[in-house]
Amino acid sequence: MLVDGKWTDDWQPVQKADDKGRFVRQVSGFRNWITPDGSAGPTGTGGFKAEAGRYRLYVALICPWASRALIARKLKGLEHIIPVTVVNPELTTQGWGFGGYPGADDDPLFGATYMHELYTRADPNFTGRATVPVLWDMKQNVIVNNESADILRMLDTAFEGLVPSNIRLYPQDLSDEIDALNMPIYEKLNNGVYRAGFATTQGAYEEAVDGIFETLDMLEVRLTGDYLFGDRLTETDIRTFVTLIRFDAAYHGLFKTNRKQIADYPLLSAYMERILRLPGMIDTVSIDHITRGYYSIKALNPNGIRPVGPAHIEDLMASVRADSANDAQHPGKVA
């Protein structure tokens, strides 16, 4: 990690745990907001006006937090407004790196080797982990924000004047309900899988696993419509999807969340596939990057061997890709 802008130690998955062995996640350090007129957002300072081509999004395809932002960019039609750079999925001793793997990009701005080099460009005295996603301002050469929850919401509204959309991921009439449901999904599922995988005591691990499957059971019962709020796709669905699509391929085995698979939940499985089949969604998911990345964590998998399956996820991805390609070749075709 970085200490006062200097790389001081090899990357480790667990930088902090509480007195009961529970994994403690680092708090994001850059919390500015892009707004339509450049005024300050809910946190941070102003000066970040929504402009085409000004901002770049750095993501890892293995990372569910980064994928939240990538999905919002896709659903809101911002691909030509905000370019994206994908880091290498394999976690090195210096954290996220650039290039050197299929589907990973070199850093187009500074020719950086590691993500932490951008952090010290933004703040020469930064202390902490160089995480993704990162929303970078190419005009001021600073990090706007590295908190995925913030980025998800700002991409929902900040660029409406430039790219109008009929999709609203955080509609005001559902805001209280979204906030209420986001909380247990984050604490027990999104972060719960990490709390299980990175637990340092048996008790912390079992507590996390109980929370994960309590939440999955709750969501299976809740799903009476297409999405978690009936027929309306919201940010809560994105937050849930990014964990579901990684679960059977990575968390079930590597993180020992093996009480059940998502395949054992009929409604959640159908829901996951429904979201994966949304236009362009398949482009935000790489099972190759996901398994390559998670199984490169030496603390959990010292020999670096990754599984060849699961077959049902491979079959699902192949089916959706084939259908997407067919739709692209036959636009306007009625099923």
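Structure notes:
- Amide H contacts of Thr92 (H built 1.01 Å from N, in plane; Pro and chain starts excluded): Gly97 sit under 5 Å, all sequence-distant by 5 or more or on other chains.
- Simple point charges give the picture: +1 on the Cβ of Lys and Arg, -1 on the Cβ of Asp and Glu, and for the chain a dipole about the Cα centre of about 400 debye.
- For the pair the stretch 264-293 and the stretch 191-240, the centres of their Cα atoms are 16 angstrom apart.
- Using C-alpha pairs under 8 Å with a sequence gap of at least 6, the mean separation divided by the residue count of the stretch 24-150 gives a relative contact order of 27 percent.
- Under 5 Å, built H, 5+ apart or other chain: amide partners of Trp33: Gly41, Thr45
- Taking packing as the residue-averaged number of other Cβ atoms within 10 angstrom, the listed peptides 236-244, 123-131 run from highest to lowest as 236-244, 123-131.
- Cα-based radius of gyration of the stretch 166-223 once divided by 2.2 N^0.38 Å, which approximates compact folds: 1.36
- For the stretch 104-110, 3J(HN,Hα) computed residue by residue from phi via the Karplus equation (6.51, -1.76, 1.60; θ = phi - 60°) reads 9, 10, 6, 6, x, 8, 10 Hz, glycine and proline entered as x.
- Percent carbon-and-sulfur accessible area, the chain, ignoring ligands, DNA and RNA, probe 1.4 Å: 51 percent
- A crude spin-label estimate for the pair Asn303 and Gln202, with each label 7 Å from Cα along the Cβ direction, gives 2.5 nm.
- Between Pro171, Pro64, Pro42, the GNM of the chain built on Cα springs shorter than 10 angstrom shows Pro42 fluctuating the most.
- Short-range pairs are left out: with C-alpha atoms under 8 Å and at least six residues apart, the relative contact order of the chain is 19 percent.
- Helical content of the chain, expressed as a calculated mean residue ellipticity at 222 nm, amounts to -10500 deg cm²/dmol (DSSP H runs of 4 or more residues, -39,500 (n - 2.57) each, divided by residue number, nearest 500).
- Applying the Karplus relation 6.51 cos²θ - 1.76 cosθ + 1.60 with θ = phi - 60° to the stretch 260-268 yields 3J(HN,Hα) values of 8, 9, 5, 4, 7, 10, x, 6, 5 Hz, where x marks Gly and Pro.
- Annotation: amide H of Tyr55 within the under-5 Å range of Met138, sequence separation 5 or more or interchain, hydrogens built in the peptide plane.
- Magnitude of the charge dipole, the stretch 125-175, Cβ model with Lys/Arg +1 and Asp/Glu -1, debye to 20: 160 debye
- Antiparallel bridges, percent of DSSP beta bridges restricted to the chain (to nearest 5): 80 percent
- When the chain is described by a simple charge dipole with +1 on each Lys and Arg Cβ and -1 on each Asp and Glu Cβ, the residue from Leu254, Leu316, Gln329 located farthest towards its positive end is Leu254.
- Rg/Rh for the chain (Cα atoms only, Rh after Kirkwood) is 0.94.
- Mean-position separation - Cα centroids, the stretch 130-157 and the stretch 61-97, in angstrom: 11 Å
- Taking all Cα pairs closer than 8 Å and separated by 6 or more residues, the relative contact order of the stretch 98-246 comes to 14 percent.
- HN-Hα J in Hz across the stretch 165-177 - Karplus 6.51, -1.76, 1.60, θ = phi - 60°, x for Gly and Pro: 9, 8, 9, 10, 7, 9, x, 4, 6, 10, 4, 5, 5
The values are calculated or read from the model by the stated rules, or taken from the named source; none is laboratory data. Just so we're clear, the structure is a prediction, and the values are computed from it rather than from any experiment. Cβ sites come from the backbone with ideal geometry, for glycine too, and all protein chains shown count toward neighbours. Just so you know, the surface numbers come from the protein's heavy atoms only, side chains and all, with ligands and any DNA or RNA stripped out. Shrake-Rupley method; radii C 1.70, N 1.55, O 1.52, S 1.80 Å.
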